[in-house]
1. Output the number of residues of segment 85-111 satisfying the condition of being within 13 Å of the ligand (Cβ to nearest atom) and surrounded by fewer than 23 Cβ atoms within 10 Å (Cβ to Cβ).
2. Can you spot a residue in segment 124-134 that is among the basic types (K, R), within 12 Å of the ligand (Cβ to nearest atom) and under 16 Å from the mean Cα position of the chain (by Cα)?
3. Could you check segment 23-58 and list, in sequence order, the residues that are free of Cβ contacts under 8 Å to residues at least 40 places away in the same chain, assigned to a loop (DSSP other than H, G, I, E, B) and within 16 Å of the chain's Cα centre (by Cα)?
4. Can you find even one residue in segment 175-194 that is over 21 Å from Q68 (Cβ atoms), out of contact with any strand residue (DSSP E or B) (no Cβ under 8 Å at 6 or more places or on another chain) and either assigned to a helix (DSSP H, G or I) or small (G, A, S) (or both)?
5. Here is a list of conditions, (1) closer than 26 Å to G82 by Cα; (2) surrounded by fewer than 22 Cβ atoms within 10 Å (Cβ to Cβ), and C153 meets all of them except one; can you say which number that is?
6. Please go through segment 113-126 and give me each residue that is in a loop (DSSP other than H, G, I, E, B) and under 18 Å from R196 (Cα atoms), ordered by number.
7. Pick from segment 59-84 the residues that are within 8 Å of the ligand (Cβ to nearest atom) and touching a Cys at 6+ places or on another chain (Cβ under 9 Å): which of them is farthest from A156 (Cα to Cα)?
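Each value in this text was obtained by applying a stated rule to the coordinates, not by laboratory testing. From a predicted model like this one, the values you see are computed outputs, not experimental measurements. Don't worry about glycine lacking a Cβ; one is built from the backbone with ideal geometry, like all the others, and counts go over all protein chains shown.
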Amino acid sequence: MKPESSLSRNNTELASMNSSSFLARRTTIPVLRRAARACTACNLWRTARQTVFGEGTSKAMIMIVGEQPGNEEDRFGRPFVGPAGKLLTQALAEVGIDRATVYVTNVVKHFKWSASEHGKRRIHKKPRQSEIRACYPWLESELQVVKPKILVCMGATAAQALLGKDVSVTRIHGQTVESPHARFAIATMHPSSILRAADAASRQRKTDEFINDLKRVALLAAKNQAA
Ligand code: URA
């Protein structure tokens with residue numbers, strides 16, 4: 001019998017893998033980030049300054065996913081560096097999680113905005129399903145490279161993109177739910193919703209809930225570290 005050539009062996013190996021796991025084995029976050037700079041899969045690149053890719057170590061145990069970059073993130077090209085990001089960093093510190101150990105990203109990698117009434121400010125606009133779908137392969141690739149043990153979805157866009165389209169963050173926040181993407185997945189509110197709270201009392205209530213959810217994440221991380 002003719003010996004199997006290394007080429008046909010490679011082809012067999014390739015055929016038994018799906019294309020995304022093949023890519024994940026051979027790619028890295030910096031490679032993905034560079035490739036995403038040229039992404040035109042939806043129209044958001046036309047009005048955003050740049051692609052804002054995820055950031056953090058690819059060995060992170062925890063991956064945190066938000067909706068899309070905001071005005072500051074679009075200026076600086078980094079996720080969660082604006083007011084919501086500052087709140088997130090503080091909240092993580094409060095529960096004992098150093099943000100530098102976490103991988104932080106968004107469902108959509110371009111800032112979607114419309115001009116304010118006098119054209120002075122860029123106002124965040126919610127991404128459409130078609131934009132979320134177009135961007136999803138980037139998030140999927142990040143998940144495959146980082147392989148987080150704990151996936152934290154902040155806000156409805158992230159929770160519905162990753163945990164199911166009918167998920168209600170209000171209903172399930174703070175609970176661990178099943179996910180194909182990580183051993184533990186958990187939804188919590190988006191820090192922007194705390195910043196938008198109507199009054200001091202509701203801001204405090206939301207902050208407390210957010211911190212409680214993140215305490216759960218910290219506990220899971222500690223258990224996982226010990227295991
Ligand atoms: N809101 C998000 O969802 N992501 C960011 O990076 C900043 C604000």
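1. 5
2. yes
3. Once the filter is applied, which keeps residues that are free of Cβ contacts under 8 Å to residues at least 40 places away in the same chain, assigned to a loop (DSSP other than H, G, I, E, B) and within 16 Å of the chain's Cα centre (by Cα), segment 23-58 yields nothing.
4. Checked segment 175-194: no residue is over 21 Å from Q68 (Cβ atoms), out of contact with any strand residue (DSSP E or B) (no Cβ under 8 Å at 6 or more places or on another chain) and either assigned to a helix (DSSP H, G or I) or small (G, A, S) (or both).
5. C153 satisfies every listed condition except (2).
6. If the condition is that a residue be in a loop (DSSP other than H, G, I, E, B) and under 18 Å from R196 (Cα atoms), then S116, R121, K125, K126 are the ones that fit.
7. Q68
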